[in-house]
Amino acid sequence: MERMTFSETAIECLRTGRVLALTGAGVSAESGLATFRGEGGLWEGRDPVELATPEAFRKDPKTVWRFYTERREKAAQASPNAGHQALATLEEALGERFLLVTQNVDGLHERAGSRRIVRLHGSLWRLRCTRCGDEDEDLDLIASHRCSCGGRRRPGVVWFGEPLPAGAFEQAANAATRADVVLVAGTSSLVYPAAGLPEIGRDAGAWTVEINPEPTAISDRVDERIPATSGSALPALIEAAALGAA
Ligand code: NAD
Ligand code: ZN
C-alpha cells in the first residue's frame, strides 16, 4: 500500500468523532466508470452534462435512454473498488457516527455494503414514469422504457437543473453541521448544492479533508488535501486510524 501522511486531527476525528463522507464520480473511476469531466468523459462525442438534462430528454428521449442504458450496463459489469470498500468498513466500525452522502448513481457503494447512505442524485437502478409517477427498481436491466399506463419511463436520477430528492440535502446538511470531520472524495465540487456541504461542515467547526488526485473548486478552502486516488487514500486512512481491515 502506498505510504501516505494524514493529520493527527483527521485520525483523531475518525477514531472518536462524527464522520461525514461525501463522494462523487471519481470514487468509481478505479472501477472503470467514466467521470463526466475527466478523460474519456465524452459520450459519442457529446458532453454528458448536456445529455443529463430534462431538456435533452424532452427533445430526444431515445438518445438520452441510450446514454443511460449504456451507463447502466457498464455499472452492472463494474465491481466496487478499494475506496468503496473502505467506506463500508468505516461504516461498520463507526456505526451511527458515520454517514455517507454520495452524488453517484451507480449503486457501487451499496454493493460494497454501505447502508447509511444519502443519495443526493438518485439511482440508475430506479425508473420513474413521467406520466403516472410510478417508481420501479430495475436491478436486472429488464424493465421496458414504457410504463403499463403507456407513459414514458425515465431514469430515476437527478438531472442538471432539477431539484434534489425531498429531504436528501437537508439530511446531508444536518449531518455536515454535526460532523467532526468531512471527507470529500472524487468530486470536482462544481455541482451545487452538494459542493456546498464541506463548507457547511467547516463553518460549523468540522475538519475538512479532500481526497482527489487533482485540485478542485474547493481545494483552497479545505483543511487538508490528500492528492491521491480514493482507492489508495481511503484504505490508507482507515489503516492509519487502525479502524479495521481495509
Ligand atoms: P466530476 O466528473 O465532475 O468530477 C470527478 C472528480 O473525480 C474530478 O475532480 C477528478 O479529479 C476526480 N477523480 C478522478 N479519478 C479519481 C480517483 N481515482 N480518486 C479520487 N478522485 C478522482 O464528478 P462529480 O463531482 O461527481 O459530478 C458529476 C455529476 O455527475 C454528479 O452529480 C453525479 O451524479 C454524476 N455522475 C455520476 C457517476 C457515477 O455514479 N459513477 C459518473 C459520472 C457522473
Ligand atoms: Zn405510468
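The values are calculated or read from the model by the stated rules, or taken from the named source; none is laboratory data. Predicted, not measured: the structure shown is a model, and the values here were computed from it. Because the Cβ atoms are built from the backbone with ideal geometry, glycine has one as well, and the counts that use them run over all protein chains shown. Note: accessible area is taken over every heavy atom of the protein model, side chains too, but ligands, DNA and RNA are not part of it. Shrake-Rupley method; radii C 1.70, N 1.55, O 1.52, S 1.80 Å.
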Can you give the log10 of the normalised intensity I(q)/I(0) at q = 0.13, 0.19, 0.27 Å⁻¹, computed with Debye over equal Cα scatterers of the stretch 173-241?
-0.33, -0.71, -1.24
Segment E39-E70, length gained on full extension (0.36 nm per residue, minus Cα span):
9.4 nm
Nearest 10 degrees is fine. How inclined is helix 61-77 to the longest principal axis of the chain, computing both from alpha carbons?
40
Fraction of antiparallel bridges per DSSP, the stretch 88-178 only, in percent to nearest 5:
75
Yeah, the stretch 206-246 with a ≥ b ≥ c from its alpha-carbon gyration tensor (a/c under 1.5 is rounded, else prolate when a/b outruns b/c, oblate otherwise) is oblate
Work out which GluC sites (Glu not before Pro) in the chain are exposed loop sites (DSSP not H, G, I, E or B, at most 16 other Cβ within 10 Å) and give the longest gap free of them.
45-246
For S79 paired with E96, estimate the spin-label separation in nm (one decimal), with each label point 7 Å from Cα along the Cα-to-Cβ line.
3.5
Bin width 10 Å, alpha-carbon pairs only: give the P(r) of the chain as whole percents, running from 0 to the bin holding the largest distance.
7, 32, 35, 18, 6, 1
Nearest 10 degrees, 0 to 90: helix 82-94 Cα axis against the chain principal axis
60
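If I stretch the segment between L139 and D60 completely, what's the gain in nm (0.36 nm per residue apart, minus their alpha carbon distance), one decimal? Display every interim value, and only then the final one.
On the way: separation 79, 0.36 × 79 = 28.44 nm, distance 2.45 nm.
In short, 26.0 nm is gained.
So if I place +1 on the C-beta of Lys and Arg and -1 on the C-beta of Asp and Glu, and nothing else carries charge, what would the dipole magnitude of the stretch 11-143 be about its Cα centre? I want it in debye, nearest 20. Could you put the intermediate results ahead of the total?
Working: 19 positive and 21 negative charges, 51 e Å.
Here the size comes out at about 240 debye.
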Just to be sure I understand: if I project the alpha-carbon convex hull of the stretch 78-186 onto a plane and average over all orientations, what area do I get in nm²?
7.9
Explain nothing, just the number: relative contact order of the stretch 8-80, from Cα pairs under 8 Å at least 6 residues apart, as a whole percent.
24
Cα principal axis extents for the stretch 71-118, largest first, Å
34, 19, 12
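Got a number for carbon plus sulfur as a percent of the stretch 38-110's accessible area, 1.4 Å probe? The partial results should precede the final answer.
Numbers: 1600 of 3340 Å².
Its accessible area is 48 percent carbon and sulfur atoms.
So, counting K/R as plus one and D/E as minus one, what does the shell of residues with Cβ under 12 Å around T102 add up to? Before the final figure, lay out the partial values.
Working: positive: R116, R119; negative: D106, E110.
That works out to 0.
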With Cα coordinates, the longest principal axis of the chain makes an angle with the long axis of helix 230-240, in degrees rounded to 10, of 30
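Please state the relative contact order of the chain as a whole percent: Cα pairs under 8 Å, 6+ residues apart?
Details: 447 pairs, mean separation 63.5, N = 246.
Relative contact order comes out at 26 percent.
Report the Stokes-Einstein translational diffusion coefficient (µm² s⁻¹, integer) for the stretch 120-246, Rh taken as the Kirkwood radius over Cα pairs, at 10 °C with viscosity 1.306 mPa s.
Details: Rh = 17.0 Å.
My calculation gives 93 µm²/s for D.
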